[in-house]
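Report on one structure; see the data block that follows.
All of the numbers you see were taken from the coordinates with simple rules; none came from a lab. Worth saying up front: this structure is predicted, and the values here are computed from it rather than measured. In this analysis, Cβ positions are derived from the backbone assuming ideal geometry, glycine residues included, and neighbour counts consider all displayed protein chains.
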Amino acid sequence: MMVYVSVRGRIWLQAEAANMVESVGNYVKHRRVPVIVKEGGNYITFFVPSISGESIAHAYQAILAEELKKLNEKVCPLCEKGIFLKSTNAEVYKLVTKSEPPEKTKKEHTTPEKEIEEKIVVNCGVEDLGGFLYAEKPNVKRTSSFFTGYMIPVKEALKAVSIDPQLHSRYALGTKFVAVGEGERAAGQMIYYVEVSSAVFTFAFDLDTRFIGKHTFHMDSYGKIVEGLTQNNIKNRATAALNALQRLLVEFPIGAKRTRFNPADLRWESIAIAVSNDVFTLPSSFTQDYMLRGLQKKAKVSFNTMIFGYSEEECKADKCYTTPEEAIIEALKEAKGRI
């Protein structure tokens with residue numbers, strides 16, 4: 001049975017530099033996006049700090065590779081190291097599948113496109129779940145089974161958000177590693193700036209287990225189990241995907257520069273997790289009423305949907321818990337029970 005998990009939440013990130021996008025000289029910039037809101041009949045634009053969906057996806061897939069290996073599911077040599085090239089070209093394909101890419105195949109009931117999809121999916125659970133694009137001829141594309149996007153400050157916090165550059169320096173004067181010879185200047189100190197922000201950020205993540213281990217590109221085989229995989233492989237991969245999601249939400253290892261810019265405060269203000277037997281997505285957490293709107297949606301559309309929640313204020317869910325960790329663990333336990 002398929003299971004669909006939809007997560008929406010609001011998370012405090014104080015003094016964070018989780019998504020840096022470029023360096024201009026000695027100045028390191030935080031990612032920004034424009035956000036438009038309506039106030040008093042007028043539209044206002046704010047440029048706010050953000051964390052990209054790619055950053056979230058990278059963190060999730062790094063955890064996913066570990067969880068797949070624990071269940072003895074295949075992971076390619078690149079994905080297990082957190083290098084997600086995803087069978088982009090023939091050279092990567094050969095490393096993943098340990099075979100040459102087919103140009104013309106003489107196999108009965110198959111085509112080059114079908115063979116490429118099969119071999120990649122069989123040999124790498126991360127590429128099965130996270131998708132890939134084989135960009136040589138013939139092109140073969142697999143859409144990801146999980147969906148996420150930009151984290152931005154919540155609506156109520158937009159006016160309070162700011163980004164501020166912090167001064168840092170590296171100092172090596174007085175050591176033998178800084179040589180000062182005739183005509184040379186000492187270069188033992190380097191000053192640089194890193195932009196830091198604080199905000200309550202939105203979070204969104206959906207996981208659809210429907211096509212794990214199944215064809216999605218080759219139309220004649222669409223929805224059929226890929227040759228070389230069993231129902232047990234599919235169950236293991238779905239379980240690994242849910243285990244990885246639990247670790248992502250509990251530990252939240254998202255963003256770069258964490259060795260020196262680990263957020264001063266990292267905690268869920270609220271989180272809602274919907275577990276369903278078919279596609280059911282929770283409303284955006286950009287506005288504060290998202291949990292209530294989720295219940296209202298469920299009253300109209302439900303696929304045996306159950307919403308688990310936590311909130312520092314008023315929780316509105318089918319099952320509410322006193323800690324976010326408890327809500328996350330119980331929701332994912334329910335999801336694993338439906339596989």
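How large is the Kirkwood hydrodynamic radius of region 29-120, counting all unique pairs of alpha carbons, in Å? For region 29-120, the Kirkwood estimate is 17.0 Å. For region 217-339, the share of DSSP beta bridges that are antiparallel, to the nearest 5, is 75%. Pairs of Lys residues in region 130-281 that lie 8 or more places apart, or on two chains, and have C-alpha atoms under 18 angstrom apart add up to 5.
Based only on other Cβ atoms within 10 Å, what is the fewest-to-most ordering of Arg31, Arg170, Arg293, Arg267?
Numbers: Arg31 21, Arg170 9, Arg293 17, Arg267 12.
Ordered from fewest to most neighbouring Cβ atoms within 10 Å, Arg31, Arg170, Arg293, Arg267 come out as Arg170, Arg267, Arg293, Arg31.
For the residues Ser270, Ser23, Ser162, a GNM of the chain with alpha-carbon springs under 10 Å puts the largest fluctuation on Ser23. Out of all DSSP beta bridges in the chain, what portion is antiparallel? Express it as a percent rounded to 5. The antiparallel proportion sits near 95 percent. Since only Ala160, Val126, Ile36 are under comparison, the one whose Cα sits farthest along the positive direction of the charge dipole of the chain, derived from C-beta charges on Lys, Arg, Asp and Glu, is Val126.
Legend: ranking of residues Tyr43, Tyr290, Tyr27 from fewest to most surrounding C-beta atoms inside 10 Å; resulting order Tyr43, Tyr27, Tyr290. Entry note, the chain: the mean residue ellipticity at 222 nm calculated from DSSP H runs of n ≥ 4, each adding -39500 (n - 2.57), is -8500 deg cm²/dmol after division by the residues and rounding to the nearest 500.
Taking 7 Å along the Cα-to-C-beta vector as the label spot, tell me the Ala256-Asn72 distance in nanometres, rounded to one decimal. So the label points at Ala256 and Asn72 sit 3.9 nm apart.
Between Ala264, Pro324, Ile225, the Cα set farthest toward the positive side of the dipole of the chain (charges on each charged residue's Cβ, about the Cα centre) is that of Ile225. One Cα centroid belongs to region 259-295, the other to region 59-92; the line between them spans 27 Å.
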